[in-house]
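S.K.: Dropping the structure in here first, questions after.
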Amino acid sequence: MKYESIADIYSANRKIRNQLVDFARGVSQDEASTLPIGEKWTIEQIFEHLALVGNGASRICSRLLTGAKADNIPSGGIFALSPEFGERSAVIAVTKVEAPDRVQPT
């Protein structure tokens, strides 16, 4: 998806979050805590991982916004991403990686 504004990103994130919440509401505690065959994490652990990653992303965004404000960079909600960023994002989206320790579920 191509985002034209910060509002587009918020809208897409809100949609994905709502779908995730709807999914979670349909999962029983037994399902959430059962490790599927061939998998490394339970549904509970995946949700913990998502929370840890989300918290980290929020901290990064906060630092970037604070830095932009300190540099008097206006926040009009319009931005441009390099073609290289888009290409790398596409590769990362389909690449399975090992989560770093700081975002491993406990």
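S.K.: At least 3 residues that are modelled with pLDDT of 90 or more in each: list the helices (runs of 4 or more DSSP H) lying fully within segment 27-106 that qualify.
M.R.: Those helices (runs of 4 or more DSSP H) span 29-33, 43-70.
S.K.: Keeping to segment 14-23, report how many residues are hydrophobic (A, V, I, L, M, F, W, C) and surrounded by 12 or more Cβ atoms within 10 Å (Cβ to Cβ).
M.R.: Selection size over segment 14-23: 1.
S.K.: Another question, then. Going by the structure shown, is D101 on the phi < 0 side of the Ramachandran plot, more than 18 Å from the chain's Cα centre (by Cα) and open to solvent by 100 Å² or more (accessible area, probe 1.4 Å)?
M.R.: no
S.K.: Without any contact (Cβ under 8 Å) to a residue 40 or more places away in the chain, open to solvent by less than 90 Å² (accessible area, probe 1.4 Å) and of a type outside the set (K, R): does that describe S11?
M.R.: When the stated conditions are applied, S11 passes them.
S.K.: Those residues that are among the acidic types (D, E) and open to solvent by less than 80 Å² (accessible area, probe 1.4 Å), I need them from segment 33-74; list them, please.
M.R.: E48
The values are calculated or read from the model by the stated rules, or taken from the named source; none is laboratory data. In this text the structure is predicted, and so the values were computed from the model without any measurement. All Cβ positions, glycine included, derive from the backbone under ideal geometry; neighbour counts span all protein chains shown. Just the protein is used for accessible areas: all its heavy atoms, side chains included, with ligands, DNA and RNA removed. Shrake-Rupley method; radii C 1.70, N 1.55, O 1.52, S 1.80 Å.
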